[in-house]
Amino acid sequence: MHGGTGLLLLGAVAGYWVLERADSHRGQLKQVGQVVGWVVIVTSLLGAACKVYAVATGQDCPAAYCPFKKSSTPAPK
């Protein structure tokens, strides 16, 4: 995939795996696993959506922090 989007989607899969693993535990460990899993899934999907938006419009990502923003400084030669 283009520019790290594939890694972000794999991150979403990893978040789902954490959710599945958390389901087999009890108490606070289950709750923490569910929160971590959802945070990973949502963050990964938002990052992928940001990248798709940036490629589709030819602009930078609209988010304040985005790993795909174009650098304003030129690369060294």
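Would you kindly state how much longer the chain becomes between His25 and Ala49 on full extension, computed as 0.36 nm times their sequence separation minus their alpha carbon distance, in nm to one decimal? Walk me through the numbers on the way to the answer.
On the way: separation 24, 0.36 × 24 = 8.64 nm, distance 3.16 nm.
This chain segment gains 5.5 nm when fully extended.
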³J(HN,Hα) across the range 21-33 via Karplus (A = 6.51, B = -1.76, C = 1.60, θ = phi - 60°), whole Hz, x for Gly/Pro? 5, 5, 5, 8, 9, 10, x, 5, 4, 5, 5, 5, x
Can you give me the distance in nm between label points at Trp17 and Gln34, each placed 7 Å from the Cα along the Cα-to-Cβ direction? 2.2 nm
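Since every read-out is calculated from the coordinates, none of them should be taken as a lab result. As the structure is a computational prediction, the values presented were derived from the model and not from experiment. For neighbour counting, all protein chains shown are included, and Cβ atoms are generated from backbone atoms with ideal geometry for every residue, glycine included.
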